[in-house]
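A short write-up of the structure that comes next.
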Amino acid sequence: AQKAARAAGATTLSDEEIVRLVREREQARATGDYKTADKLRDQLEKHGVHLDAKDNKWQAADGRSGPIGPVNISAAHAQKAARAGAPRLSEDEVQRILVQREQARARRDYKTADVLRDQLEKHGVYLDSKENKWQGPDGAS
């Protein structure tokens, strides 16, 4: 596959597009959606981008490379739910659940906080604790 990628010549994808596709592929793999993961891998290969699972990096035919980053499991579960047609929550409902979750965390009631996070994920909303933000299936945050 790597030879085929090199033979394809320089990629037409920007670094940002490659990183986005690699991240989507890893999230699909994390949720067991191997059909989507394979399609994304094939799309990357078509553009001359080889994925090296052993070294955990991607390599473009034009010499660019980058890491295959860790998967945000919350995002992966939320995206799987969104692809499956999960009902969407209004921003007010999301905010209400987030407030309840933060109150539970403040009480150190992590079981309740996890249940509330899971509830958001089932509606296609994921939490990014590093950025301290949420994102819905429609891009709202």
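The values are calculated or read from the model by the stated rules, or taken from the named source; none is laboratory data. On a predicted model such as this, the values are computed, not experimentally measured, just so you know. Methodologically, a virtual Cβ is constructed for each residue, glycine included, from the backbone with ideal geometry; neighbour enumeration extends over all protein chains shown. The area values use the complete protein model at the heavy-atom level, side chains included, leaving out ligands, DNA and RNA. Shrake-Rupley method; radii C 1.70, N 1.55, O 1.52, S 1.80 Å.
Relative contact order of the chain: 21 percent, from C-alpha pairs under 8 Å at least 6 residues apart in sequence. Phi angles of segment 25-35 translate, via the Karplus equation with coefficients 6.51, -1.76, 1.60 and θ = phi - 60°, into HN-Hα couplings of 5, 5, 5, 4, 4, 5, 9, x, 8, 6, 4 Hz per residue; Gly and Pro are given as x. Distance between the 7 Å Cα→Cβ label points at D114 and Q43: 3.3 nm. The modelled label-to-label distance between D62 and A140, using points 7 Å beyond Cα along the C-beta direction, is 3.8 nm. Accessible surface ranking for S14, S129, S74, S65, 1.4 angstrom probe, highest first: S129, S65, S14, S74.
At 1.4 Å probe radius, can you tell me the per residue accessible area of the chain in Å²?
62 Å²
Can you bin segment 64-116 into rounded, prolate or oblate? Criterion: square roots of the alpha carbon gyration tensor eigenvalues sorted a ≥ b ≥ c, rounded for a/c under 1.5, prolate for a/b above b/c, oblate for the rest. Oblate shape, in that a/c is at least 1.5 and b/c is the bigger or equal ratio. Close amide H pairs (under 5 Å, H built 1.01 Å from N) link K57 with D52, I68, residues at least 5 positions away or on another chain.
For segment 41-58, putting each phi into the Karplus relation 6.51 cos²θ - 1.76 cosθ + 1.60 with θ = phi - 60° gives couplings of 4, 4, 5, 5, 4, 4, 9, x, 10, 9, 9, 10, 5, 5, 8, 6, 8, 10 Hz, in residue order, rounded to whole numbers and with x for Gly and Pro. Stretching the chain fully between Q95 and R107 yields a gain of 2.5 nm (0.36 nm per residue, less the alpha carbon separation).
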